[in-house]
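**Q** One structure, as structure tokens, below. Some questions next.
The values are calculated or read from the model by the stated rules, or taken from the named source; none is laboratory data. Note that the coordinates shown come from a computational prediction; the quantities given were computed from them, not determined experimentally. Cβ placement follows ideal geometry from the backbone for every residue including glycine, while neighbour counts extend to all protein chains displayed. Accessible surface areas use protein heavy atoms only, side chains included; no ligands, DNA or RNA. Shrake-Rupley method; radii C 1.70, N 1.55, O 1.52, S 1.80 Å.
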Amino acid sequence: MKLKVLIFSGLALAVFSCRNEPDPKETQSAQDTLPSRFSQLSSLFAPTNDDTLYVHSAWDINSSYKFFGKPMDSAHIFMLPYNYGTLFNWNKDFGACLSFPLDSSHTALLSRVPGEYVSSALSLFVFDKKKDSITLALDVADCMGDAGEAMDHSSCLFRDKDKNLMILTYYWSSYDHTVNDTADHKVDHWHNYYLSKLSSDKLDTLSKDSAEIVGRYPRIIKKLYDRLKP
């Protein structure tokens, strides 16, 4: 009798376990219905087909700023690389600006992100659609000033003859000596240029020779410089 009870109990337990074990097909189907990170993020960004794009920061960040962007909530922000998510707080917001394809698998997302004091910086995120994740983040513009020091950098994003995305960045900085010595009216200025190529999710620095870059791209340099000129 005891043996029959044990056998019956074992069969009942096996049947119960089978009924409660999830069907692999149902699990896969549920996963397939979840929205991808790419679809959630890309819907915020305005697509652009411009072959040349000048991006710059601003000393006064408000809704009239060209790259203010659409507000990103915490769910969107925590899809960004970890170090960006840690910057999100009550006085540092994020804005979704522009998007454009790099190739069939990668899309660039231009975003306004927190800088030193306010959300004045612009970052270019590369989204890999196959991995459904951001695989590269680039700083392309920002400005700040404090205690006599000031800096501003802006970039021009353009395609070369082979349709590669090129990034030419102009770094300007200055130091006002009167902060520490009212009799010293000297103001130092520095101008530096960098040229890089972005292929999929790989960035290659092509040149740090400012003189060579200025000679090759005078029109781009003039536009980048004119925005900062007093």
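**Q** Need one number: convex hull volume per residue for the range 107-230, Cα atoms only, in Å³.
**A** Numbers: hull volume 14.8 nm³, N = 124.
Hull volume over Cα atoms, normalised by residue count, gives 120 Å³.
**Q** Any of K66/K92; K163/K197; K163/K202; K131/K202; K186/K208; K70/K92 with alpha carbons more than 20 Å apart? Name them for me.
**A** From the list (K66/K92; K163/K197; K163/K202; K131/K202; K186/K208; K70/K92), the Cα-Cα distance tops 20 Å for K186/K208.
**Q** Ok, one more. Of all alpha-carbon pairs in the range 72-161, indicate the percentage at a distance above 16 angstrom. If you can, show how the numbers build up before the last one.
**A** Numbers: 2274 of 4005 pairs.
Cα-Cα pairs of the range 72-161 separated by over 16 Å account for 57 percent.
**Q** Would you mind checking the radius of gyration and Dmax of the range 85-130 based on alpha-carbon positions, in Å?
**A** According to the Cα coordinates of the range 85-130, Rg and Dmax are 12.3, 37 Å.
**Q** Whole angstrom only: what separates the Cα centroid of the range 62-132 from the Cα centroid of the range 139-181?
**A** Value for the Cα centre distance between the two parts: 19 Å.
**Q** Still on this structure, please answer the following. Let me know the Rg and Dmax you get for the range 115-172 when you use only its Cα atoms, in Å.
**A** 14.6, 47
**Q** Averaged per residue, what accessible surface does the range 42-128 expose to a 1.4 Å probe, in Å²?
**A** Working: 4150 Å² over 87 residues.
Heavy-atom SASA per residue in the range 42-128 reads 48 Å².
**Q** Here's another thing I want to ask about it. Under a Cβ-Cβ cut-off of 15 Å, what is the net charge of the residues other than L203 that fall near it, where Lys and Arg count +1 and Asp and Glu count -1?
**A** So the surrounding residues net to -3.
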